[in-house]
Each structure stands twice: as C-alpha cells, then as structure tokens.
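Data block below; observations after.
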Amino acid sequence: MDYILEMKNISKSFFGVKALSNVELKIRRGEIHCIVGENGAGKSTLMNILSGIYPYGTYEGDIIYDGQVCQFRNIKDSESKGIVIIHQELALIPGLTVAENLFLGNERQSYGIIDWDRTNQEAQKWLDMVAFKEEATRQVKDVGVGAQQLIEIAKALAKNVRLLILDEPTAALPETEARHLLDLLKELQKQGLTSIIITHKLNEVCYVGDRVTIIRDGCTVGELTEKDQPFQEDVIVKGMVGREMLNRYPERGGNYIRPEIGFEIRNWNTWHPTYTDQQVVKNASLNVHKGEIVGLYGLMGAGRTEMAMSVFGRSYGTKTSGQIFKDGKEITIKSVADAIRKKIAYISEDRKTYGLVLPKDIQFNTSLAGLSKLSRKGGVIDENQEVLVAEEYMQRLNIRATGISQLTESLSGGNQQKVVLAKWIFTHPDVLILDEPTRGIDVGAKYEIYCIMNQLAEEGKSVLFISSDLSEILGMADRIYVMNEGTICAELDGAAATQESVMQCVVEHNKEGGI
C-alpha cells in the first residue's frame, strides 16, 4: 500500500496528563482522510505534532513521511516537505489585501523589494484555481468566511502543498459554502492532492471521505474505509462516544410552554455600523413564550446575529429602532449592563472572542457576568463564594476539567461552550438568546448542550435558539422563525416543519424580492 504518511505510536502529555496514547495513523497517497472524535479526544494535538507546532522531542513516536522518518522542529520544517495545516481560526490579517495574505512569509521579491505586480498576478492565478470570485487586491476584512477559507487553500497551494490538513474547515460556513469547499477538495484530489480533514459534521464525512480514523480519549479506536462498506453516521458516532446514540436530540420531559409571552421584539430595525446606509434588520418581529424554545433559522448573511446583538444592549449596529417587551411590559435596553440587569443573556456564536477570557480560569469566567451577586460592600468580591459557584456550575453542566483553576484556553470546544453557558446561567436570566451554541463541537457535547437547553425551558425560561444547522432547529424548536435578508419571512410550527418547508419559505421570499 502506498502511504504518504504514517504516524506510529504517537504519545503526548500535558502537565502529566496523557493527551495521546500510542496513536496510529496511516494516510494513503491521494486520498481524503477524515479524523473524527469528541472534543478533547486528541485530534488537533495529533495534527499539531505532524505540522511541527509541537516539535520533535516533546512527544513520543515516529512520523514517517514519503518513506523517511521526519523530526519537525517547527512549521517551516513541515511546510518544506509540502505539509500545510489550515486551522479553524484562520491565520489571515484583515487589514492586508488577499494577495498580501497569500504570500505572507513567502513574499514575491527581488533584491529584498516586493514585486507588487508579480505578487498580484501570481495571487490571481492561485485564486482562480480555487474559484475565488473576488479581486486579489481586495482587503480580507471585506470578504466572507467562506471566501477566506478559499484564500487559505490558495495560500497552501502556493507553498506547493502535497498533504493538506484542514481543522474544522466548514464549522463557520453555511451548507452551500461548505459543499462548495468540499467539492473543491474533491477536485484537488483528482490533481493528486492528499487531504486530512478534522470535522464534527458526519454528513460531510460520508460525502467526501475515502477513509475515517476514529480517535477517543487519546487513542485510535477504529478505522473505516468507504470502499469496504458505505459510511454510516450511527457507526461513526458509536466509535466516537463509545456507545450507541439512538436519538441525536433529547426528548422533552413534558409540555412546559406557558401561555405568557416572556420575550418579544416588534418592528426591529438596525443598520450596518460602518456602511450606515445598509439596513441589516428590517421590521423584524418575534416572540418567545415562557418555557418555550423558539428556533431562528437563516442562511449566512440573513441578519440573525446582527438582530440578536442589537437587541442585547445595542452591541451591534446604528440607527437601531423598535420595541422590546419582557413579561408583557415594554422595556428599554441601552447597554449590555442594562440587558443583564433586566435578566436577558446572549451567548455569542464566537465563544473565543466574545464569550470567554481565554487566558483566565474556569472560576474567573463563570462569575464574570454576575460579579454583582458576589460583591460585598465596597465592591469586594467574596472569593469563597465565587469558588462555590464555579464548582457548582462545573458539576451541574458536567464541565470536564481538572478543576475550576484550569485555564479555559486549554479546554476542548465543547467544554469551553459549557463555561460560556455557566457564565450566563449564573446571572439567572429569564431570557436566553443562544447564537450557534453547538458550532464546532462534537455530537456528544452537542447532546449535552441540547439537554441544558431543555432544562432551561423546563425552568420556565424563554429560549431563542439561533442556528444555521436546519436539522438541529427542527430537532429542538417548538416554533421556528425563518429569516432572510434581514426580514422575518415566516413562522412555522416546530412539530410540523420539515427541511423542505423551511427552505421553501426562503425561496418564496427571494421570489417576492427579498434578494
């Protein structure tokens, strides 16, 4: 068998804790190989070893690439062999042009002076290969996340990549852009490129993967080959979590929806904060009963996050107008502090930027939004009480960590998300706006988040659940609002809604002039 890569008996520890234990990985030349596992299973750690981020000497085992034992001491060592990694957090500089980013550290120069004409021309050549539709001279901050992923792939191609590693490449992409990216990888495969994809989206594994390696608790537990037997999501899930999951979405214990409307917005409008002539949300109205989970679905750019953030203390937009009602009474919210005082919480889709202070520990992050509840006279924090609160929520939400003093940056994505939830649940909100709460986390952690959502609804909270994953909206929501181009274009009963009926709402709105 022609293997381009073999990783043998790879073990890695952090502060005495085993992250990987004798992991085996074999990648055939020219295949698309998927690596799956729960958050914290060790997938990214394994790829960081391969790419030289964790250098030779900090782990045990052998990396055999193209038949040679390699000892990568940094990323440049691995890139010199044609191994390029694209991380989930894209390594692009927003203020530079696409072309400048493409050749960053790999500049087109002559006698120490950058040749800008050559830079832009060569950049356009690589961009054309990945079907990038913008100009190479455009600034990165002005293109979407899907386009930025294409830039990263073009950047890798410009480095003569032979083995491309993609860590959660579609986590932040809507379904259409995700499918375009996967189709591109299949096209590059025909040209001889070998790819490794780390992903939690099992439908994508079935669509694009030739083989799958399953990692659980730092160990290789299985390998599946599509040619031997077509991939089945249930089989992959069982390998990931170590048990069968008969239901992806937990059953509600009963009907806890109350007749009272807990949260409502009417005729909500907001404009883009920079391009102030661009209206992002247009006369949007919705309501959530107490004890109800309401789904808000829309494609990328529909205005869901912008609406939520503008409602939550005017943290997005300009010229914002409309009415907010809580428990039947109109309220005014002028700041995030106002929103917290009025018992409204917003869990951001970007936990690492807006949800957590990553260099701080679980204790610090859990209490951050509710410090007033822990303050003595004079504003002094009762540290003993803070410890008790952090330990209570760590246990309540099943946050897997060594203790409340563990830094949040060292937690898996699913456990980071639970810390964000703990932070906001501690404020004892009546209304929770959850924006993509399961983005970038594995199927087991998703199930736990869904259970927390159900529990909050059972306690009588009003839960607004924003997601671009239509299957989880259908699986969790009592009612569904469909948003398109800044407008609420439909309201559907959750029990009766289907993927077809939801998408039909978007299509019909487009026909009526939505876009």
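The values are calculated or read from the model by the stated rules, or taken from the named source; none is laboratory data. As the structure is a prediction and not an experimental result, all values here were calculated from the model. Heads up, the Cβs are rebuilt from the backbone with ideal geometry, glycines too, and the neighbour counts pull from every protein chain shown. These accessible areas exclude ligands, DNA and RNA; they are computed on the full protein's heavy atoms, side chains included. Shrake-Rupley method; radii C 1.70, N 1.55, O 1.52, S 1.80 Å.
Taking the range 312-338 as the range and being of a type in the set (A, V, I, L, M) and either modelled with pLDDT under 95 or part of a loop (DSSP other than H, G, I, E, B) (or both) as the test, the residues that pass are Ile333, Val336, Ala337.
For Asp210, the conditions (1) open to solvent by 20 Å² or more (accessible area, probe 1.4 Å); (2) in contact with a Ser or Thr (Cβ under 8 Å, 6 or more places away or on another chain); (3) touching a residue at least 60 places away in the same chain (Cβ under 8 Å); (4) closer than 20 Å to Leu432 by Cα all hold with the exception of (4).
Filter the range 405-415 down to the residues that are open to solvent by less than 10 Å² (accessible area, probe 1.4 Å) and at pLDDT 90 or above and list them by number.
Thr408
Summed over the range 9-36, the residues that are aromatic (Phe, Trp, Tyr) and in contact (Cβ under 8 Å) with a residue 24 or more places away in the chain give a count of 1. Entry remark, the range 339-348: residues being open to solvent by 60 Å² or more (accessible area, probe 1.4 Å) and either in a loop (DSSP other than H, G, I, E, B) or touching a residue at least 40 places away in the same chain (Cβ under 8 Å) (or both) number 2 in total.
Would you check which residues across the range 377-399 are within 14 Å of Phe364 (Cα to Cα) and of a type in the set (D, E, K, R) and list them? Across the range 377-399, the qualifying residues are Asp382, Glu383, Glu386, Glu391, Glu392.
When you look at Lys12, is it among the basic types (Lys, Arg) and out of contact with any helix residue (DSSP H, G or I) (no Cβ under 7 Å at 6 or more places or on another chain), yes or no? Answer is no for this residue. Only strands (runs of 3 or more DSSP E) whose full extent lies in the range 38-103 are considered here, and the ones with at least 1 residues that are among the hydroxyl-bearing types (Ser, Thr, Tyr) are 60-65. Among the residues of the range 107-136, those that are open to solvent by 50 Å² or more (accessible area, probe 1.4 Å), part of a loop (DSSP other than H, G, I, E, B) and not hydroxyl-bearing (Ser, Thr, Tyr) comprise Glu107, Gly112, Asp115, Lys133, Glu134, Glu135. Ser321 falls short on exactly one of the conditions (1) among the hydroxyl-bearing types (Ser, Thr, Tyr); (2) out of contact with any helix residue (DSSP H, G or I) (no Cβ under 9 Å at 6 or more places or on another chain); (3) open to solvent by 60 Å² or more (accessible area, probe 1.4 Å), and that condition is (3). Of everything in the range 247-271 that is open to solvent by 40 Å² or more (accessible area, probe 1.4 Å) and under 25 Å from the mean Cα position of the chain (by Cα), the residue that is modelled with the highest pLDDT is Tyr249. In the range 349-383, the residue that is most open to solvent (accessible area, probe 1.4 Å) out of those that are charged (D, E, K, R) and assigned to a helix (DSSP H, G or I) is Lys377. Glu175 meets the conditions (1) under 25 Å from the mean Cα position of the chain (by Cα); (2) buried (at least 16 other Cβ atoms within 10 Å of the Cβ); (3) modelled with pLDDT of 90 or more in every case but one. The failed one is (3).
Gly303 satisfies every condition listed in (1) touching a Ser or Thr at 6+ places or on another chain (Cβ under 9 Å); (2) open to solvent by 10 Å² or more (accessible area, probe 1.4 Å) except (2). Among the residues of the range 1-17, those that are farther than 20 Å from Ser410 by Cβ, open to solvent by 20 Å² or more (accessible area, probe 1.4 Å) and part of a strand (DSSP E or B) comprise Tyr3, Glu6, Lys8, Asn9. Given the condition open to solvent by less than 80 Å² (accessible area, probe 1.4 Å), assigned to a loop (DSSP other than H, G, I, E, B) and either in contact with a Cys (Cβ under 7 Å, 6 or more places away or on another chain) or more than 26 Å from Ser468 (Cβ to Cβ) (or both), answer yes or no: does some residue in the range 384-396 qualify? No, because not a single residue in the range 384-396 is open to solvent by less than 80 Å² (accessible area, probe 1.4 Å), assigned to a loop (DSSP other than H, G, I, E, B) and either in contact with a Cys (Cβ under 7 Å, 6 or more places away or on another chain) or more than 26 Å from Ser468 (Cβ to Cβ) (or both).
Okay, residues lined up against (1) closer than 27 Å to Arg179 by Cα; (2) modelled with pLDDT of 95 or more; (3) of a type in the set (D, E, K, R); (4) surrounded by fewer than 21 Cβ atoms within 10 Å (Cβ to Cβ):
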site: Lys461; (1), (2), (3), (4): no, yes, yes, no
site: Phe465; (1), (2), (3), (4): yes, yes, no, no
site: Arg479; (1), (2), (3), (4): no, yes, yes, yes
site: Gly486; (1), (2), (3), (4): yes, no, no, no
site: Ala495; (1), (2), (3), (4): no, no, no, yes
site: Gln499; (1), (2), (3), (4): yes, no, no, yes
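From the list Lys43, Lys26, which one is of a type in the set (Lys, Arg), within 17 Å of Ile165 (Cβ to Cβ) and within 25 Å of the chain's Cα centre (by Cα)?
One residue alone meets the criteria, Lys43.
Of the residues making up the range 429-458, those that are in contact (Cβ under 8 Å) with a residue 24 or more places away in the chain and more than 22 Å from the chain's Cα centre (by Cα) are Pro429, Asp430, Val431, Leu456, Ala457, Glu458. Looking at Tyr297, Tyr316, just one residue is free of Cβ contacts under 8 Å to residues at least 60 places away in the same chain and either aromatic (Phe, Trp, Tyr) or within 16 Å of Ile473 (Cβ to Cβ) (or both), and that residue is Tyr316.
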